[in-house]
Amino acid sequence: MQIQTLGPAIGALVSDINLGLALKPEDQAQLHQALIEHHVLFFEGQDITAHQQRDLAAAFGELHIHPVYPQHPEVAEIILLDTSMDNPPDNDNWHTDVTFIETPPLGAILSAQHLPSSGGDTLWASGIAAYEALSAPMRAMLDPLSAEHDFLQSFPAWRFARTPEERVRWEAARDKHPPVIHPVVRTHPVSRRRGLFVNEGFTTRIIELQTKESDAVLAFLREHCAKPEFTVRWRWKRHDLAFWDNRLTQHYATADYLPQRRIMHRATILGDKPF
Ligand code: OGA
Ligand code: MN
């Protein structure tokens, strides 16, 4: 397999590998190593089924079943992100997936099934690069802090409980997911590098700060984390696949293609408790 670096902070393109086949142990180890180093890996021409995508993801850990996003009809572990005028995109904000649980995902695999004629790019940002670019006094201030992450911030009833069936599923999800607390700066469990772990999608407040202080610090970090130097932008082609390390990255799906339709499949791999 070939691994081509796409930028100093984040991103690599992996070629000469077929992800539809069971991974050989040495290939899996090399991919895992590349994921830790580059934070997001891109693959082209991977025409895989939902079952194959699930099996690929499951080789890296236990899979998460999303409490509100629609599931693939045959494979519950695959989320269907099918956006159009009837279901407008909602991932056009910087976020880390599923940080509203105690053990947020270690990674996720996204497969492009149907794309608009242009637009619908996705960007990823490195929380490690963002943290390392801060001054020493700023890092020292952030290091001991913790923050609340809340399911309701990205999954409000007005959007995700519109029909009686959705309401039942959404209420169960809300009851199962009270807000959780995570460190503002976490240590990557494999590389031991430290990085920022707050995101616009789910982080509501920094526990130790006063409300206005928390709002100001989160607003600063939100802007800082999106600095182009820390990001990579992928322009999808059909059957491209992205595999990201969700522990110290954020991503943003551009919502610039309506009224066209875009369909993606996502598998989500559970991680461990941030420290
Ligand atoms: C996701 C997500 C990005 C995209 O699957 O978690 O944010 O490009 N999707 O659809
Ligand atoms: Mn996401």
Practice task
Lys and Arg at +1, Asp and Glu at -1: add these up for the other residues within a Cβ distance under 15 Å of residue 218 and post the number.
Solution key: -4
Completion exercise
The rounded separation in angstrom of the Cα centers of region 71-113 and region 1-65 is 18
Exercise for the section: With runs of 4+ DSSP H residues as the only contributors, calculate the mean residue ellipticity of the chain at 222 nm using -39,500 (n - 2.57) per run, divided by the residue total and rounded to the nearest 500. Expected result: -7500 deg cm²/dmol
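Counting Lys +1, Arg +1, Asp -1, Glu -1, what net charge surrounds residue 100 among other residues with beta carbon under 12 Å of its beta carbon?
Once positives and negatives cancel, what remains is -2.
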Exercise for the section: Take the solvent-accessible surface of the protein heavy atoms, probe 1.4 Å, and return the percent of it on the chain that carbon and sulfur atoms account for. Expected result: 52
Handout entry: Pairwise FRET efficiency - residue 237 versus residue 74, Cβ, R0 = 30 Å, nearest 0.05
Key = 0.75
Fill in the blank from the handout: Taking every DSSP bridge whose two residues both lie in the chain, the antiparallel percent to the nearest 5 is 95
Practice task
Extending each Cα 7 Å along its Cβ direction at residue 211 and residue 171, get the distance between those two points in nm, one decimal.
Solution key: 3.0
Exercise for the section: Give a quick list of GluC sites (Glu not before Pro) in region 201-262 that DSSP marks as loop, anything other than H, G, I, E or B, with at most 12 other Cβ atoms within 10 Å. Expected result: 208
Fill in the blank from the handout: Computed over region 2-269, protein heavy atoms only, probe 1.4 angstrom, the accessible area per residue in square angstrom equals 45
Exercise for the section: Excluding residues fewer than 8 places away in the same chain, name every one of the lysines whose C-alpha is closer than 20 Å to that of residue 176. Expected result: 273
Problem - Dipole of region 137-251, positive direction: furthest Cα of 187, 145, 155, with charges on the beta-carbon - result: 187
Handout entry: Whole-Å semi-axes of the ellipsoid equivalent to region 1-146 (Cα gyration tensor, √5λ, descending)
Key = 27, 22, 17
Practice task
Determine the gain in length on full extension of the stretch residue 135-residue 190; use 0.36 nm per residue of separation and subtract their C-alpha separation, reporting nm with one decimal.
Solution key: 17.4 nm
Fill in the blank from the handout: In nm, the gap between the two label points placed 7 Å beyond Cα toward Cβ at residue 102 and residue 121 is 4.1
Problem - Student exercise, region 2-269 dipole from Lys, Arg, Asp, Glu Cβ charges, in Debye to nearest 20 - result: 240
Exercise for the section: Go through region 186-222 and name the trypsin sites (Lys or Arg not before Pro) that are in a DSSP coil and have 11 or fewer other Cβ atoms within 10 Å of their Cβ. Expected result: 192
Problem - Spin-label pair residue 224/residue 181, simplified geometry with 7 Å Cα→Cβ offset, distance in nm - result: 2.2
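The values are calculated or read from the model by the stated rules, or taken from the named source; none is laboratory data. Bear in mind the structure is a predicted one, so any value in this text is a computation, not a measurement. Reconstructed Cβ throughout: ideal geometry from the backbone, glycine too, with neighbour counts over all protein chains shown. We work out accessible area using only protein heavy atoms, side chains counted, and drop any ligands, DNA or RNA first. Shrake-Rupley method; radii C 1.70, N 1.55, O 1.52, S 1.80 Å.
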